[in-house]
Amino acid sequence: MSAASHDAHHAHEHNDHGHGHDEGGAHGSLKDYVIGFVLAVILTAIPFWLVMADVLPSHQMTAVAVMGLAAIQVIVHMIYFLHMNSRSEGGWTMLALVFTLIVVVVTLAGSLWVMHNLDTHMMAPMPHDMREVP
């Protein structure tokens, strides 16, 4: 075995053990990272401006806008930094994400519903004047 063929065989053997960068996983380019960074900065600056400049007429609208932009920023991070898409790992990564989101939404909605019902049904309203208490 010549030295060149030995080196080629060793390099092939080295990549078969998963030490190479050709593992089939999605790796981002510098362009993808820069796009993700710019979008993340914009999606951070807009809510900051909305809150600091008091742009929207109500605090509820501001909160909804900030939460919406936060959700978009989570998606930007998952696509540009975590490289999640429907093709990575045969779609299992995306399926796990969808399942996690469903569990989180059900848990939060259920918790808010239970707390609202407890608040509504458990306590009678307190009288404003304590002299009325028997």
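Values in this text are rule-based calculations from the coordinates and carry no lab data. What you see is a predicted model; the values in this text were computed from it and never measured. So basically every Cβ, Gly included, is an ideal-geometry build from the backbone, and we count neighbours across all protein chains shown.
Assorted remarks:
- With 0.36 nm allotted per residue and the present C-alpha distance subtracted, the His27-Trp113 stretch has 26.8 nm of extension available.
- Residues in region 63-99 reached by a label modelled at Ala40 [backbone nitrogen below 16 Å; 7 Å Cα→Cβ]: 70-84
- Neighbour-count order for Tyr33, Tyr80, fewest beta carbons within 10 angstrom listed first: Tyr33, Tyr80
- FRET E, pair Met122, Leu97, Förster distance 35 Å, beta-carbon r, rounded to 0.05: 0.45
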